[in-house]
Amino acid sequence: MTHAGTVSQRTLAGKCYCGVVHYAVADEFLYAANCHCSDCRRTTGSAFKPFAGIARNNLVVTAGEDSLMIFGDETGNNTHCKSCGSLLYSVVRDGAFVHVAMGTLVDDPTIRPTHHIFVGSKAPWFTITDDLPQYEEHAVARASGGQE
Ligand SMILES: [Zn+2]
Ligand SMILES: [Zn+2]
């Protein structure tokens, strides 16, 4: 998982619903999944949250930094636009990574969600209809050492 130098420098844009907050993130996500936990359902209002993970320093807020509503602290939070409420990304893993809420991406990332997690707490009214692997909770770790 350490291919520094071979990756393209493509950058993806993302923004909130009202357009006050814009961010840029490298198209170098290390993993992506659909999370069905109750927290992700509530923060998005959806059946699940498709998210993509990357080292925190690969994401920069390019507009509206003073309009962020950060629920949590430096080492773990959900970052929203405080004007419209969009969940943009979450800071996770002791502040080392961000999980971008993929619905806020403007550009099409190279990565696709590869599995479903926290299916054990999935909404009963939602049926998963694809063939991606499902995990009761976290996926069995395969990339916890990925740095960049
Ligand atoms: Zn907004
Ligand atoms: Zn979740």
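The values are calculated or read from the model by the stated rules, or taken from the named source; none is laboratory data. In this text, all values refer to a predicted model and were calculated from it rather than measured experimentally. Neighbour counts run over all protein chains shown; Cβ positions are idealised from the backbone, glycine included.
General observations
- Test: residue in segment 111-118 that is under 15 Å from V25 (Cβ atoms) and away from ligand 1 (no atom under 16 Å from the Cβ): yes
- V100 vs. criteria within 16 Å of the chain's Cα centre (by Cα), within 16 Å of C16 (Cβ to Cβ) and of a type in the set (A, V, I, L, M): yes
- Looking across segment 106-122, the residues that are away from ligand 2 (no atom under 15 Å from the Cβ) and closer than 13 Å to G53 by Cα come down to P109, T110, I111, R112, T114.
- Consider segment 28-44 and keep the residues that are away from ligand 2 (no atom under 12 Å from the Cβ) and of a type outside the set (A, V, I, L, M, F, W, C). The one that is farthest from the chain's Cα centre (by Cα) is E28.
Here is a yes/no grid of residues against (1) hydrophobic (A, V, I, L, M, F, W, C); (2) closer than 26 Å to P124 by Cα; (3) more than 15 Å from ligand 2 (Cβ to nearest atom):
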| position | (1), (2), (3) |
| --- | --- |
| V20 | yes, no, yes |
| A26 | yes, no, yes |
| S46 | no, yes, no |
| K49 | no, yes, no |
| G53 | no, no, no |
| D66 | no, no, yes |
| S83 | no, no, yes |
| S86 | no, yes, yes |
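- Failed condition for L88, given (1) under 12 Å from V25 (Cα atoms); (2) surrounded by fewer than 17 Cβ atoms within 10 Å (Cβ to Cβ); (3) not small (G, A, S): (2)
- When we screen T75, T104 for residues that are β-branched (V, I, T), exposed (fewer than 13 other Cβ atoms within 10 Å of the Cβ) and over 17 Å from C37 (Cβ atoms), the only hit is T75.
- Evaluating H3 against the criteria (1) more than 30 Å from I128 (Cβ to Cβ); (2) at pLDDT 95 or above; (3) surrounded by fewer than 14 Cβ atoms within 10 Å (Cβ to Cβ) leaves one unmet condition, (2).
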